[in-house]
Amino acid sequence: MKNHIYMFVFITTIAYSMPFAWKDVTEDLPAPFTNIQEDSQVSGVIFAVSNNGKLFRSVNWGKTWLEQTPPTSGQVRLSAQMHASVDCWLIWAEEANERQGTLWRSDDLGANWYPVTSLNVHALHLTASRHVPDLLLMLVEHDDSGQRSLLRSTDGGANWSEVLAQSSGNPIVWHPTTPWKIYIGSLVSNDFGESWSDGSGKVVRGSDRKLPPGLYSAETSGLFVSRDDARSWWPLMEEKLNVFDASYWSDDSFVTGFMDDSEFALFFSDDGGERISPWTNGIPNGLAHVRILSDWLIYGFQNDKVYLYDESPADLDNSLRIDGGDLIVLSIAFGSDAGSPFYNAKADLNNDGRIDGQDLTILSLLWGKNFSYDDTKPPGDFPSE
Ligand SMILES: [Ca+2]
Ligand SMILES: [Ca+2]
């Protein structure tokens, strides 16, 4: 009996948190993407880097893609966006098998690119401050020995200096509201990345922008949150984590999990960890990393496969919002089976060949959701001037 109750809770948790399954979209894309980034200022603009080093852009949340004229013969490996008065895009391109690369910048959403600087390094992670214009950090490998260091630029990438001689592969995490605080693993900087010391107690993997802002740590002992700048940590979940390549946060939403030879698990929360749901529906072999573009559009990557979680198909009348218009479309088809003249495949939200209460439940779970953001999204809580 206890098992049955557990199973019931398990199934309803999945059904009521993420109503759609992940979908393998590899064949629908112009190339197998390895990373995707959304422009923070222009709604719906997304950049993608493919496994053969090409650059693509979409202006409609990924519904259609256009290959961008590459600025270089080198392969695009990393991308980042810099928040100033106007967003600009940065990409790092390297020739194959060369430990040398060039940083390129575009001020017009990728239409034109110009070189900023070239360095004799192999770049692993490039990121820009949300708050301080022209402040960049880049994790690099210097030679075949694999020796790593952290480089910092305060002029938009023209000049770089080494600020940390040895660095782990942990991600660079900017404090969500305090622009001078930055974390890498258990190291912290309190001076915009200039100097680093031990300080956070745990490996910081992400952050949210609730009040007070949260820092997250995902480790083999579980998932933890701190709401006092890493002075104390509180457990959210006692599942082993962190074997998974990384855990990914976007405001209140996060995806975390673990993957090894025999096991794969993935969890999602859209409320800062108060409710955490297991979430592997539609993914046969696990994911290596995840990119959260919004609470309704999430990409997952595994080898040459790209998976997509997308709630916009529930927008049956293409109004960019789930509301009465969609209910009318579903109502007209309600009670019909595939083959019937009233059947509407679009309204069959769970793809079971029948329009019934289950499809209505999915629509009600997404009720009121918006699929576009007309307002410019602010870079953070910190005033930009
Ligand atoms: Ca609609
Ligand atoms: Ca159905």
query = Between Asp144 and Lys54, 0.36 nm times their residue separation minus their Cα-Cα distance comes to what?
reply = 29.9 nm
remark   = With label points set 7 Å from each Cα along the Cα-to-Cβ direction at Arg209 and Ser195, the distance between them in nm comes to 3.1 nm
task = Calculate, for Asp28 and Ser161, the FRET efficiency according to 1/(1 + (r/R0)^6) with r their C-beta to C-beta distance and R0 51 Å; round to the nearest 0.05.
result = 0.75
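Sorted from fewest to most neighbouring beta carbons within 10 Å, what does the list Val132, Val49 look like?
Val132, Val49
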Label-point separation in nm, Ala338 to Asp134, each point 7 Å along Cα→Cβ = 6.0 nm
key: Net length gained if the chain between Asn350 and Glu67 were fully extended (0.36 nm per residue, minus Cα distance)   = 98.6 nm
task = Output ³J(HN,Hα) for segment 282-293: one whole-Hz value per residue in order, computed from phi by the Karplus curve 6.51 cos²θ - 1.76 cosθ + 1.60 with θ = phi - 60°, and x for Gly and Pro.
result = x, 10, x, 10, x, 10, 8, 7, 9, 10, 8, 8
message = Taking θ = phi - 60°, what integer Hz values does the Karplus form 6.51 cos²θ - 1.76 cosθ + 1.60 yield along segment 99-107, in sequence order, with x for Gly and Pro?
response = 8, 8, x, 10, 8, 10, 10, 10, 9
request  = Could you quote the convex hull projected area for segment 130-241, Cα atoms only and averaged over all directions, in nm²?
outcome  = 7.5 nm²
Distance histogram for segment 312-375 (every C-alpha pair counted, 5 angstrom bins, percent rounded to whole numbers) = 4, 22, 31, 23, 12, 6, 2, 1, 0
inquiry  = Set the bar at 28 Å for Cα to Cα. Now go through Lys54/Lys210; Lys23/Lys181; Lys54/Lys305; Lys210/Lys369 and name every pair that lies beyond it.
reply    = Lys54/Lys210; Lys23/Lys181
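Calculate the FRET efficiency for Gln100 and Thr177 from the Cβ-Cβ distance with a Förster distance of 45 Å, rounded to the nearest 0.05.
Here the calculated transfer efficiency is 0.75.
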query = Could you state the principal axis extents of the C-alpha atoms in segment 46-142, from the largest down, to the nearest angstrom?
reply = 38, 32, 19
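Taking 1 over the mean of 1/r across every pair of different Cα atoms in the chain, what Kirkwood radius in Å do you get?
22.4 Å
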task = Take His175, His125, His289 and order them by how many other Cβ atoms sit within 10 Å, fewest up front.
result = His289, His125, His175
remark   = Given 33-46, 188-201, the highest-first ranking by average Cβ count within 10 Å works out to 33-46, 188-201
ask   = Applying the Karplus parametrisation 6.51 cos²θ - 1.76 cosθ + 1.60 with θ = phi - 60° to the phi angles of segment 35-47, what ³J(HN,Hα) value in whole Hz is obtained for each residue in order, glycine and proline being reported as x?
value = 7, 9, 9, 9, 5, 7, 9, 9, 4, x, 8, 10, 10
key: Inter-site label distance for Thr361 and Ser168 at 7 Å from Cα along Cβ, in nm   = 4.2 nm
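Relative to the present Cα-Cα distance, how much length would full extension add between Ser221 and Lys369 at 0.36 nm per residue of separation?
49.8 nm
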Packing-based exposure ordering (other Cβ within 10 Å, fewest first) of Met237, Met82 = Met237, Met82
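Bear in mind these aren't lab numbers, they're just calculated from the coordinates by the rules spelled out. All of these numbers come straight from a predicted model, not from anything done at the bench. Every residue, glycine among them, receives a Cβ derived from its backbone with ideal geometry; neighbour counts consider all protein chains shown.
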